[in-house]
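Step one of this worksheet: look at the structure below.
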Amino acid sequence: MRCYCSICRKTSGGGGYTVNILGQADTLCITRGADTIKSYRAVKEKSVPVAEQVLCQNRYFCPTCASYLWAYDDKWPQWIYPYASAIDSELPVPKATANIMLGSAAKWTDPRGLPVNGEQFEEYPPYSLEEWHRVHDQ
């Protein structure tokens, strides 16, 4: 899934969206530097009072180069969401794609005017990333 929300766009840089993939949390193996990794939790809506603010998932970064590595959400402790560009090994070409949070897309990167390449959602889709993979046999 390509996420076009303002938080993903700002933390991932580049094309105006981020590509997070699904991974099993218990398979994450950091070979060195685990004690130096930093995390960040963005606030979804800064205009609401602090006591009412909702935090996003934890995003983990390399403290040396600031590369976004993966995200983790307490709601789904069995999963991590690696940032596809941070993975060194070859990844398979997806059978299907989806663009989510298009309601937050910057005008300069909004894919709605392009030929449709997969599903399109103005906000979050009606299912989790895990369910999307199951439905699309990936």
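Please specify each residue of segment 42-64 satisfying the condition of being open to solvent by less than 100 Å² (accessible area, probe 1.4 Å) and in a loop (DSSP other than H, G, I, E, B).
Listed by number, the residues that qualify are ALA42, GLU45, SER47, VAL48, PRO49, GLN53, VAL54, CYS56, GLN57, CYS62, PRO63.
Within the group ASP74, ASP88, which residue is farther than 15 Å from GLY13 by Cα, within 15 Å of the chain's Cα centre (by Cα) and charged (D, E, K, R)?
ASP74
Report yes if ASN99 is surrounded by 11 or more Cβ atoms within 10 Å (Cβ to Cβ), in contact with a strand residue (DSSP E or B) (Cβ under 9 Å, 6 or more places away or on another chain), at pLDDT 80 or above and on the phi < 0 side of the Ramachandran plot, otherwise no.
Against the criterion (surrounded by 11 or more Cβ atoms within 10 Å (Cβ to Cβ), in contact with a strand residue (DSSP E or B) (Cβ under 9 Å, 6 or more places away or on another chain), at pLDDT 80 or above and on the phi < 0 side of the Ramachandran plot), ASN99 qualifies.
Quick check: anything in segment 9-26 among the hydrophobic types (A, V, I, L, M, F, W, C) and open to solvent by 70 Å² or more (accessible area, probe 1.4 Å)?
no
Using beta carbons and a limit of 7 Å, which pairs, at least six apart or on different chains, have the first residue in segment 84-97 and outside any loop (DSSP other than H, G, I, E, B) and the second one surrounded by fewer than 14 Cβ atoms within 10 Å (Cβ to Cβ) and at pLDDT 85 or above?
ALA84/LEU91
The values are calculated or read from the model by the stated rules, or taken from the named source; none is laboratory data. Quick caveat, the model's predicted, so the values are computed rather than measured. Note: ideal-geometry Cβ built from the backbone for every residue, glycine included; neighbour counts use all protein chains shown. Please note that ligands, DNA and RNA were not included when accessible areas were found on the heavy atoms of the full protein model with its side chains. Shrake-Rupley method; radii C 1.70, N 1.55, O 1.52, S 1.80 Å.
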